[in-house]
C-alpha cells in the first residue's frame, strides 16, 4: 500500500511517476480518424537490432543508416541482455573494426538476411516495406543478421537479439530512441500539408468531423449534440452539418493560403467537442466524499432503490409507445421504433446500475470497510428527484407524454441529483483505502448516466415533430389490475427474488440465479407486451 | 536599537536547513519545505521519519524533484504595482500609527498631480503590457481627492493607449468617503482596504477622530452604501491588534456584522508608542486567539459558507497552491511605493527612509538597488530564518519591521502555519470543492 499521498498542488505536480509522458497515451490523441497512430511504427523497428539503425523505405533494400555504439542495450550496466556473452562480443565488434567498416565513408551496407530459430529469410531483393514486415515478425530473443556491402561482395554476420522495445514492467520505451525519433517521419500537424495529406501519417490525429463547442454552464443544444460539423471549415462560426464525403466538404474548407494564415483558429477537440477557450472540467468531479464507508453504503442502498424505481418507470413508459404497425407514415414508424428501442436500452442500463450498486455494497462489506452487514437493496424508491434541484416527486407509472419525458430528462440530467449523488460516491471511492475496482464501478455508473441523458434528449428530438398530438405515438395505456397482470407480476416477483439471492451471495458474474432472472425478464417482456396490446400496463407498484 | 539580523553575505552558521516539518495526528502530515509540498503519510511511515530512518527520508525526498528558488541575480522585471502616497496626512490620529499618528513626523505633504502622472507613466511603460495595479495610500488618501480622481482617469487613458489592463486599490479609514467616491470605487473595481479594528468600543480605543467623535461610527456611516452595493469593488476590513486586546474572533464578528465579507487582522509590531507593540508572551496568547477565530470559521465553512477570515483564507489558497517564496512580500520586486515628493521606496512602510530609497519618478528607479535589496533579504540568507521549516511560507517577515524591531513572534508564525496546514488537510476532506486540481478531468 502506498505510504505517501500528495495533497496540495505542488506535491501532486512533483510526484515522480515512472512511465512514458502522458502525451504518449492513447487518450491524449485529439483525433477521431485513426486512433493509435501516435508514432510511425517503422521508427520502432529501425532499431530492432541493438547498436544498428536501418531505414525502411519504399525502394528495394534496407540500408544501414547509423551505428549507435552508445545504445544502452549494448551496455551490461544499463541492460540485461538475453545472452551476456553475445552482448559483450557485439559491443566490442561495433566499437572496433566492424563498426568502423560499417561507417566508412562512401559505402552503403544493407540488411541482407535475418535468422531466428533456424529460419533464415533473405531480404536482399525485397522492397523496403516488405522487408520491414518481415523484420516486424521477429520475436524478442536471439537473432542473427547478415549485412552486405552494396555493390561489393563483402558480408558481415552479427549475432544479437531483437530489441525489447518497451520495458515489460514499466512500459517505458527503450532509452535508445532519441526524442522525436518515433514521430520523425509523420506529417506535421497544423501546417500546410494538414489540408491535403491523405497518407494518415499524423503525429497527432487530424480530426475531420467534430461536435460544436459547448459553452460552459449552458444546457447543451440537443440538435448540436447530434450534428457533426466539418473541423477544417473556413467559416469558423458555421455550425452547418458536415457533408458525408471529404470531396463534398472541400469547398467550404480552408484553402492552403488560409490554413497558413489561420492555423491557430483550428480548434482543439476534447471528448468530440471543439474547444476554443480554457477547458473547465466538470465541477462534480470534486464532490464531497462521504465520511465513512457505512454512510457510503447507506447511500448506495437508497440509490439502488432509486435505480430500481426509475427502471420500472421507464419500462412502463416504453410499453406506452405504439408498435410501428399501429402508426401511419414512415417517419412516425421509424420514430416509434427508435423510441421503443432507446427506452429499453435505458431501462436495461438502469437495471445494470441496480446490480452495480448492490455489488458496491457487497464489496464494501466483504472488504471489511463497513461495520454492519446489509441485505441486497431491491426495494423500489417511493420518491424520485424532480425537475427542480432538491425537489422530489412521487414515483408513478405513466405514459411517455412530453411532460413525462421532461421528468425523465430531469432525473438523468448531468449535475442533477442522481449524477450528483454518484459523484459523491465516486469522490469517496477515490480515497486510497477503497481501491481501484470499486472506483471504476462507480465511474461506469456515472458515465452510463450521462448516456441516458443524451438518449432521452434524442428521443425528445425524434418525437418533436409529433408532440402536437402525442396520441399519434402513444397507446391509451392504463395500469392493469393485479389480477389482469398476474402472469407478469408473478414473473417480476420471482425474478426480483432471484436477484436478491444472487446479490446476497455476491457472485455477480456467474450465479445461476442471475441467468434465471434474465430468462424471466424475457418472459416479463412478452407478458407486458401482451397486456399493452390490450391497453394495459404492468402495475409494478 | 540593536540590529538583530545580518542582511548581507553568506551565513556563518553550520546548522543545516530543516528539510521538512512533521505534523502528527490521526492522519499524519509531512510538509516538505522545498516547493511547499504537503503529503499525507501513513502512521508507520510517519514514525520512521520521526525516528530519522534513512530509508523513509529517502522515500520522502524521492517523491519530488528539487526546487530552485529565485535568487534575483539577473533580469528582474519592472514592478507591476505601485502605491502612490498621495496624502502624507490624516484626519485621524491613531495611537499606534507607524506614520506617527498621521503626522508623518511633522512632514505633512500632498502629492502633486505631476508626480502621480509621472509614476503612472513609468509603471505602464515598464510593465510592457502586463496587468498593472495603482494603489492609493496615505495617511488618508481621500484628503487629496483631486489627485486620486485625476490619477485614475490618467492611468485608464494611458493603459488604453498601451493596451494593458490597470487595476486600482486604496487603503482608507473610510471616514471621508462621499457618494462620488463610492461611485469611483464601484465603477473602477477598486480593492478597498478599510482600516477598522472591530466594534466601536474596540476600534475607537486607538483609532481616534481629531474632533473627538467615534471614528467607527463615522467610517461606517460613509461606507454603508459601498458595503450594501460594492458594484465591481472588493471591500475588505483590516484590523490592527495591539497588545492591550488580543481578541480576534470578536473583531471578525463585529466587522462581519457591520457588513464586511473579508476581514483580516495584523498584529502590531512597530509603533511610535512601544507600549502597544506585541512582545514576549503576547504571541502565544495571540496564537490562541487566532486559532479560536479559525475554529469558528471552520464551523461556518464546513457547513458550506465562504471564508470571511482572510488570514485563514489566504493561507488556504497559498498552501493549496504550494506557494514557496524567498521573500515575505512583493516589496521592491513587483511592488514599490512612491512618496508625495516623487521618491521611489521599497514599500509604503519605508517611505522617506533613505535606507530603502530606490530612485525618483524624475530620474527613474535603480534596478541595481532593487536587486541588491532583494538579494540581501533572500530568506535563505537570513538568520534564524535560514534553517526554519516555515521560511518559504513566511518569507522572513516584513522588511521594515525587521529592520526597526528585529524578528519577533516567530513561534507564533510557526504555530499559526502548523495550525493552517492541519486546517487545510481537514478542509480538503470536508470541502474538496474549494480546492480544484487542474488537469483532473473525467
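What follows is calculated from the coordinates using simple rules that are stated; it is not laboratory data. No experiment lies behind these values; they were computed from the predicted model shown. All Cβ positions, glycine included, derive from the backbone under ideal geometry; neighbour counts span all protein chains shown.
Below is a table of values for the structure above.
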{"read-out": "Relative contact order of chain A, defined on C-alpha pairs under 8 angstrom at six or more residues apart (%)", "value": "11 percent"}
{"read-out": "Degrees between helix A:417-429 axis and first principal axis of chain A (Cα, 0 to 90, nearest 10)", "value": "50 degrees"}
{"read-out": "Kirkwood hydrodynamic radius of the stretch A:394-541, Cα pairs, Å", "value": "18.2 Å"}
{"read-out": "Range of Cα positions in the stretch B:289-364 per principal axis (Å), largest first", "value": "55, 24, 19"}
{"read-out": "Between the stretch A:330-363 and the stretch A:290-326, the Cα center-to-center distance that results, in Å", "value": "10 Å"}
{"read-out": "Debye log10 I(q)/I(0) at q = 0.22, 0.29 Å⁻¹ for the stretch A:335-387, Cα point scatterers", "value": "-0.91, -1.07"}
{"read-out": "Neighbouring partner chain Cβ atoms per residue of B:319-326, average, 10 Å criterion", "value": "3"}
{"read-out": "Number of partner chain Cβ atoms within 10 Å, mean per residue of B:38-44", "value": "5"}
{"read-out": "Average projected area [Cα convex hull, the stretch A:442-481], square nanometres", "value": "4.6 nm²"}
{"read-out": "Global size of the stretch B:32-128 as Cα Rg and Dmax, reported in angstrom", "value": "25.2, 66"}
{"read-out": "Within the protein assembly as shown, percent of DSSP bridges classed antiparallel, to nearest 5", "value": "60 percent"}
{"read-out": "Residue order, fewest to most surrounding Cβ atoms within 10 angstrom, among B:271, B:408, B:337, B:47", "value": "B:47, B:408, B:271, B:337"}
{"read-out": "Spherically averaged projected area in nm², based on the convex hull that wraps the Cα atoms of the stretch B:237-339", "value": "8.8 nm²"}
{"read-out": "The stretch A:45-121, Cα convex hull volume normalised per residue, Å³", "value": "106 Å³"}
{"read-out": "Convex hull volume of the stretch A:80-128 per residue (C-alpha atoms, cubic angstrom)", "value": "117 Å³"}
{"read-out": "Rg/Rh ratio calculated on Cα atoms of the stretch B:116-232 (Kirkwood radius)", "value": "1.04"}
{"read-out": "Distance between the stretch B:222-272 and the stretch A:60-106 - C-alpha centres, whole angstrom", "value": "74 Å"}
{"read-out": "Sequence of A:413, A:464 once ranked by neighbouring C-beta atoms within 10 Å, starting from the fewest", "value": "A:464, A:413"}
{"read-out": "Cα-based Rg / Dmax (Å) for the stretch A:246-338", "value": "24.6, 63"}
{"read-out": "GNM top mover of B:41, B:134, B:235 - chain B, alpha-carbon springs below 10 Å", "value": "B:41"}
{"read-out": "Radius of gyration and maximum dimension Dmax of the stretch B:43-98, Cα, Å", "value": "24.6, 63"}
{"read-out": "Isotropic mean projected area of the C-alpha convex hull, the stretch B:169-315 (nm²)", "value": "9.2 nm²"}
{"read-out": "Scaled radius of gyration (Cα, divided by 2.2 N^0.38 Å) that the stretch B:115-182 gives", "value": "1.13"}
{"read-out": "Percentage relative contact order, the stretch B:170-267, counting C-alpha pairs under 8 Å, at least six apart", "value": "33 percent"}
{"read-out": "Rg/Rh (Cα only; Kirkwood hydrodynamic radius) as it applies to the stretch A:374-437", "value": "1.08"}
{"read-out": "Nearest 10 degrees, 0 to 90: helix B:215-228 Cα axis against chain B principal axis", "value": "80 degrees"}
{"read-out": "Size-normalised alpha-carbon gyration radius of chain A, reference 2.2 N^0.38 Å", "value": "1.29"}
{"read-out": "All-pairs alpha carbon distance profile, the stretch B:340-442, 5 Å steps from 0, percent", "value": "2, 10, 15, 15, 13, 12, 11, 10, 7, 4, 1, 0"}
{"read-out": "Expected-Rg normalisation [2.2 N^0.38 Å, Cα atoms] applied to the stretch B:145-193", "value": "1.17"}
{"read-out": "Calculated SAXS-style log₁₀ I(q)/I(0) at q = 0.16, 0.23, 0.28, 0.31 Å⁻¹ - the stretch A:485-538, Debye, Cα scatterers", "value": "-0.48, -0.77, -0.97, -1.09"}
{"read-out": "For the stretch B:179-194 and the stretch A:452-469, distance of Cα centres in Å", "value": "51 Å"}
{"read-out": "Cα-based Kirkwood hydrodynamic radius, the stretch B:168-207, one decimal, Å", "value": "11.2 Å"}
{"read-out": "Long-range tail of P(r) for the protein assembly as shown (Cα pairs > 57 Å, %)", "value": "34 percent"}
{"read-out": "Rg over Rh, two decimals, the stretch A:299-406 (C-alpha only, Kirkwood Rh)", "value": "1.11"}
{"read-out": "Square roots of 5 times each gyration tensor eigenvalue, C-alpha, chain B, largest first, Å", "value": "36, 27, 23"}
{"read-out": "Share of pairwise Cα separations in the stretch B:210-281, more than 20 Å, in percent", "value": "43 percent"}
{"read-out": "Degrees, to the nearest 10: A:402-412 long Cα axis against longest axis of chain A", "value": "50 degrees"}
{"read-out": "Per-residue Cβ neighbour rank within 10 angstrom, fewest leading, A:409, B:137", "value": "A:409, B:137"}
